[in-house]
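The structure appears right after this line, and notes come after that.
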Amino acid sequence: MVSLRGTEARRRTERSHAELIATVAHELRSPLTSVKGFTATLLDKWERFNDEQKRLMLETVDADAGRIKRLIAELLDISRIDSGRLEVRRQPVDIAAAVGRHVQVHITGGQSPDRFFVRIRPQLPALWADPDKIDQILGNLLENAVRHGDGTVTIEVAPTTLGDDGEEGTEVTVRDEGPGIPEASMSRVFTRFWRGSKRGGTGLGLYIVKGVVEAHGGTITVGRAPRGGAEFRFILPVGTPAHLL
Ligand SMILES: Nc1ncnc2c1ncn2[C@@H]1O[C@H](COP(=O)(O)OP(=O)(O)OP(=O)(O)O)[C@@H](O)[C@H]1O
Ligand SMILES: [Mg+2]
C-alpha cells in the first residue's frame with residue numbers, strides 16, 4: 001500500500017512538473033515570437049520604414065522583452081517559494097507610507113485620485129518585515145484591484161492579534177467594487193497560473209503574494225467585499241529583528 005501510494009504521488013508530482021514546463025514555455029513563446037518578428041523585420045527592411053514606424057516597432061519589442069523579464073523574475077520567485085529558499089530580510093517597515101507610495105504610483109500612471117480610499121487605523125505596532133517583499137504584495141494586490149476590479153479601491157491598515165498567544169500583528173485589507181471572484185473560484189485564486197478573466201496577466205501574482213506573506217509567518221485570505229467586489233486581507237506578525245532571534 002505504502003509503496004503504491006508513493007508511486008502515485010510521484011506520478012502526480014511529475015505530471016504537475018510537466019504541466020508547469022508546458023505552461024511556462026507557452027507563456028514565454030508569445031512575447032518572444034513578437035520580439036523575433038519585429039527585430040527580423042527591422043533588420044531585413046530597415047530602409048523601408050520611417051523613424052516613426054521604427055520607433056513603434058521598437059516600443060513593442062521593448063514591452064515584450066519587459067514581459068519576458070518579468071515572467072522570469074516571477075518564475076525565480078516561485079522556485080524560491082516552492083523550495084523554501086525565499087529569504088526575508090527584516091527591517092522596520094512603515095506600511096502606511098508604503099500604501100501611500102503605491103497609490104501614488106497608480107495616480108501618476110493616470111488613475112483618478114478618487115479611485116482610492118486609504119484608511120490607516122491608529123496605534124499600529126512597529127512592523128519588522130522585508131520592505132521589497134511588502135512592495136511586491138501591495139503592488140500585486142493594488143494592480144489586481146485596479147485591473148480586474150472596478151470602482152473605489154479601499155485599502156485599510158489596522159492593528160490586530162494572531163495565533164493562540166495573541167501575538168501582535170498588522171492587518172491590511174484591499175477591496176474593490178468590481179465583479180469580485182466567484183465563490184467557486186476562491187480556492188483557486190492563489191494557485192499558479194490561475195486567472196479568471198483574460199485581462200492580461202499570467203496568473204502568478206497571487207501565488208507569489210501568498211508565498212511572500214507566508215514566508216513572513218503571515219496569512220492571506222480572499223472573500224467578497226460588502227459591496228460585491230473582491231476583498232483580500234493579509235496579516236503579518238510584527239516580526240522580530242533578526243539580531244534578536
Ligand atoms: N480584485 C480582483 N477582482 C476580480 N478578480 C480578481 C481580482 N484579483 C484577482 N482576480 C482574479 O484572480 C486571477 C489571478 O490573479 P493573479 O494576480 O494571480 O494573476 P493575474 O493578475 O491574472 O496575472 P499576474 O498577476 O501574474 O500579472 C486574475 O486573473 C483575476 O481573474
Ligand atoms: Mg495579478
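Please state, rounded to one decimal and in Å, the Kirkwood hydrodynamic radius that segment 12-142 gives when every pair of distinct Cα atoms enters the mean of 1/r.
18.8
With a cap of 10 neighbouring Cβ atoms within 10 Å, and only residues DSSP puts in a loop, list the trypsin sites (Lys or Arg not before Pro) found in segment 20-71.
Those that pass, being in a loop and sparsely packed, are LYS45.
Over the C-alpha atoms of the chain, what are the Rg and the largest Cα-to-Cα span, Dmax, in Å?
Just the Cα atoms of the chain yield Rg and Dmax of 21.2, 71 Å.
How large is the charge dipole for the chain, taken about the Cα centre, if only the Cβ atoms of Lys, Arg (+1) and Asp, Glu (-1) carry charge, to the nearest 20 debye?
Dipole about the Cα centre, nearest 20: 760 debye.
Relative to 2.2 N^0.38 Å, what does the C-alpha radius of gyration of segment 2-83 come to as a ratio? Two decimals please.
So segment 2-83 has a normalised radius of gyration of 1.68.
Rounded to the nearest Å, what's the spacing between the alpha carbon centres of segment 170-245 and segment 3-64? Just the number, please.
A separation of 27 Å, based on Cα centres.
Convert 20 °C to kelvin, take the viscosity as 1.002 mPa s, use the Kirkwood radius over C-alpha pairs of segment 136-208 as Rh, and evaluate the Stokes-Einstein diffusion coefficient in µm²/s, rounded to a whole number.
This corresponds to a translational diffusion coefficient of 156 µm²/s.
Any chance you could give the angle, 0 to 90 degrees and rounded to 10, that helix 51-82 forms with the longest Cα principal axis of the chain?
Orientation of helix 51-82: about 40 degrees from the principal axis.
By how many degrees, 0 to 90 and rounded to 10, does the Cα axis of helix 95-108 deviate from the longest principal axis of the chain?
30
If you rank LEU56, LEU204, LEU43 by fewest surrounding Cβ atoms within 10 Å, what's the result?
The most exposed by this proxy come first: LEU43, LEU56, LEU204.
List, in the order given, every pair from LYS54/LYS198; LYS69/LYS133; LYS36/LYS69 whose Cα-Cα distance in the structure shown is over 21 Å.
LYS54/LYS198
Please give the helix 2-44 orientation as an angle from the longest Cα principal axis of the chain, in degrees from 0 to 90, rounded to the nearest 10.
50
Bear in mind that the values in this text are calculations on the coordinates, not laboratory data. Note that the coordinates shown come from a computational prediction; the quantities given were computed from them, not determined experimentally. Every residue, glycine among them, receives a Cβ derived from its backbone with ideal geometry; neighbour counts consider all protein chains shown.
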